[in-house]
Structures are given as C-alpha cells and as structure tokens.
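Single-structure report; data block below.
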Amino acid sequence: MGKKHFEIELPEKVVQDLQLEDGDKIDIQVSNQSFKVLPTKKLQENQNQQLSIRRFLIPSILAAVAFAFYNIWQNERLIPLTGSDSIATWVIFMGELTGMAAFVYTRIQKLKKIHDPLQKKTAIRLAPTLFISFALIQALTMVAIFWAIGYLFQAASFDSLTATLIFFIFISVVNYVMIYSATLISTTFMMFLLIITIVGGVLIAMVTNSRLLWWQHNFSFLGTAKADFSWTFNATLMVSGILWGTLIDYLFVPIQKRLPRNWRLITLRIFLTFDAICLFAIGALPNNPGFLHLAHDTAANLLILGTGLPMISIRLLLPKASKEFLIFSLSTALGIMLSCFLFYGIRYFSLTAFEIFVLTMGISWLLLLMQNIHELYELKDNTYSFTLKALD
C-alpha cells in the first residue's frame, strides 16, 4: 500500500502574520500530540539573533570595566561581597542600568517587527507601564537575592581581580535574563511573573520575621515598622499592584478593540483595575498606628469588596466562562463570606488567619479569572480551523 499525501490550506491571516510567500518552505513541529507551523527561515534567523551574545556581553564588559576602574581609583585591597559599597551594590546599580537598557532596546526591536497596526499601537501604548513594572521587579529581585547571599556568605571579601570577575558573572546573568524576558512578553508570562512576585516576596517577608512570631499579630505586621525588612512585604504588594494593572491593560486593550462598547468587559475591567489599585495601596500604606492603620484597613476591605462583587456576578460579566469556573467563583465567594462571619461575627478566626484565608482565596480567583479571559478572548481568536485533504 503506497504512502498517502495530505495538504492543508492556511487561512490568509496566518499567511500574513507569518509573512509567508509562494515557494517558502514551512517546518511543522510535532509535540504532545499536536503540531505548530514554524516561521520561514528568514524569520527564524531574526528570532535567533534576538539573544545574540553581543547583546548582553558588550554592556556587561563595559560595566565590569567601570567597576574595575572604580576599585583601582579607591585603592581597595579587599572588596566585600555585600554591604553599602560592595559587589552587590554595584551589581544592583549597574544591573538596573544595563539590564533595563537591554530590556528596553530588545522590546523596541520586537515592536518594530510587528506588522499589524492595531497590535503595534497597543504594544506601544503599554510599553511605558511594562518598563516600569520590570524595572521595579528587577530591583526587588536583585536586592532579595543579595540579601540571601549576604546571609549565607557573611563578611565575605575578595581581591580586586576576583571581585571584578564575580561582578562580571552576576551582571552578565542579569543582562541575559532581562533580554530573554523581553522576548517572552505575553499575558501567560506576565501571569506567571505575577505569581512568582507575590509568592516569593511574601515568603521572604515571612522567613525574615519568623523569630518575631509575626503570626501572633496579623499578616499585615510583615509590612509595619516593627517588622524586619518590612520594605520587602510592602514593595512586593506595590509591585504586584503595578504588574496587575499592566496585565489588565495588556489583556483588555486588544480585546476591547475587537469588542468595543461591551459593557460586561468594561465593568469587569473596572473591577480588576480597582483591585490592582487596592493591592498597591495595601503595600503603600503600612499598617502602622494612626491614620495609616485606618487607610490600610480601608484598602484591604475595599479589595475584598472589589473581588467579592464580580465573584457573585461572574455569570453575568463573563457568560462564556466554563461551568467549572462559575462553580469555583461561587464557592470562593461563599468561602470569603464564611471567613468574614468567623472573624467579624463570632471571632473564631484570628486576624492573621482571616487575612491569609481571604487574600489567598481572592488572589487565586483573580489569577484564574485572568486565565479564563485569556483563553476565551485571546487564544480562541488566534485559533484557526482547516480541513486535512488527502491527495490522490
């Protein structure tokens, strides 16, 4: 029996997006019982150049030279790994400059290659907020990493040459990660980044305050003046709020361009933006005595309200959502109401338990909501159907 041959007809929009021409050879990559059409060789070469070695090595070498000359000028024999004037200080400072410069440059180069006018206009509009978010995340991440390194290698110092080599390695990693991140920007990547930011920042705050028995006070104690390194907790919530707002824009702007004046989407976007502002405010207003305590509690309660209302009305706001998500939304809303009763009503929950339960349920639901919106409006619009035809 002879081998059968098949042909597929690609939709015109796919051909335009991939910039295919008559005679181009197309590769099909098979993985996990599915396949995807790869771009032409020319596009693949352009994508491979995005992480060209010179992109991160040149700024890393220049930064290392500046670090070496500074050490020579200071005539320092031993340079500490961490501290006020150390390898860590220079990596954080120079890494922010070179890393963000590489990130912005790489992102701009990607924007130039977008051919769809609407997609390009949307990406440019969201670029400033995206840059601010990543600058804050990079700074927070590097400070947290060097705090951990300083804790593990206390009082470590190196001679000038060794310190320069260590600096070069760290700064190269920072620049590479920032360039690579610029090529991965998508709603899925940003949701993953948001989860890592929230979980990582809060866990660091918990660990650093474990000896203070923070759970005997309340969850917000982690951001008060009495806590150790309270800035990590507050900065995490503030960065998460900014990143959350950026993610909302990144997802809703193109959707609302395709579905203008859809009151359901407009209402849902208002709720989510309001939640992002509340999350930012909780970090910006630490739970210290006086006015800040009142403002912090108000922001926290508004976050609960701004999350609970769309939960119970999700069937109306997102009618195309799956039955499982609708059930999960109502169950989460009931869980939050039960937690409120156990805390405000009969005082069974401590404030710490109440905050942990409500925040965990609320943020989990918000992340799942964004995932469902992404799948309903983004993935489906980028999915095309075609018929496989056997050739005689």
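The values are calculated or read from the model by the stated rules, or taken from the named source; none is laboratory data. Remember, predicted model here, so these are calculated numbers, not experimental data. All Cβ positions, even for glycine, are placed from backbone atoms using ideal geometry, and neighbour counts span all protein chains on display. The area values use the complete protein model at the heavy-atom level, side chains included, leaving out ligands, DNA and RNA. Shrake-Rupley method; radii C 1.70, N 1.55, O 1.52, S 1.80 Å.
Summary of computed values
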quantity: Probe 1.4 Å, protein heavy atoms only - accessible area per residue of the chain in square angstrom; calculated: 57
quantity: Pairwise FRET efficiency - TRP263 versus LYS323, Cβ, R0 = 41 Å, nearest 0.05; calculated: 0.95
quantity: Calculated FRET efficiency for the pair LEU330/THR273, C-beta based, R₀ 22 Å, to 0.05; calculated: 0.45
quantity: Where labels lie 7 Å past Cα in the beta-carbon direction, separation of GLU9 and HIS293 in nm; calculated: 7.2
quantity: Cα lying deepest toward the dipole's positive end in region 234-371, options PHE349, LEU359, PHE271, charges on Cβ; calculated: PHE271
quantity: Contour minus Cα-Cα distance for ILE169 and ALA101 (0.36 nm per residue); calculated: 22.7 nm
quantity: Two-site label geometry, GLU375 and ASP159: point separation in nm, points 7 Å out along Cα→Cβ; calculated: 5.9
quantity: Gained length - ALA225 relative to SER84, 0.36 nm times residue gap less alpha-carbon distance; calculated: 48.6 nm
quantity: Residues ILE149 and ASN75, FRET efficiency given R0 of 30 Å [Cβ-Cβ distance, rounded to 0.05]; calculated: 0.75
quantity: Cβ crowding within 10 Å averaged over residues, with 91-103, 327-339, 71-83 ranked highest first; calculated: 91-103, 327-339, 71-83
quantity: Projected label distance in nm at ALA66 and SER210, using a 7 Å step from Cα toward the beta-carbon; calculated: 3.8
quantity: Length-normalised contact order of the chain in % [C-alpha pairs under 8 Å, at least 6 apart]; calculated: 19
quantity: Computed over region 88-190: relative contact order in percent, which uses C-alpha pairs under 8 Å that are six or more apart; calculated: 60
quantity: By accessible area with a 1.4 Å probe, ligands and nucleic acids excluded, highest first: order of HIS296, HIS5; calculated: HIS5, HIS296
quantity: The chain, accessible surface, carbon-and-sulfur percent (1.4 angstrom probe); calculated: 65
quantity: Residue-averaged 222 nm ellipticity for the chain, from DSSP H runs of 4+ at -39500 (n - 2.57), nearest 500; calculated: -23000 deg cm²/dmol
quantity: Kyte-Doolittle mean at least 1.6 and Cα axial length at least 20 Å: DSSP H helices in the chain; calculated: 160-183, 187-208, 351-373
quantity: Restraint check, LYS120/LYS257; LYS257/LYS323; LYS13/LYS120, Cα-Cα greater than 20 Å; calculated: LYS257/LYS323
quantity: Solvent exposure ordering (accessible area, 1.4 Å, most first) of CYS278, CYS340; calculated: CYS340, CYS278
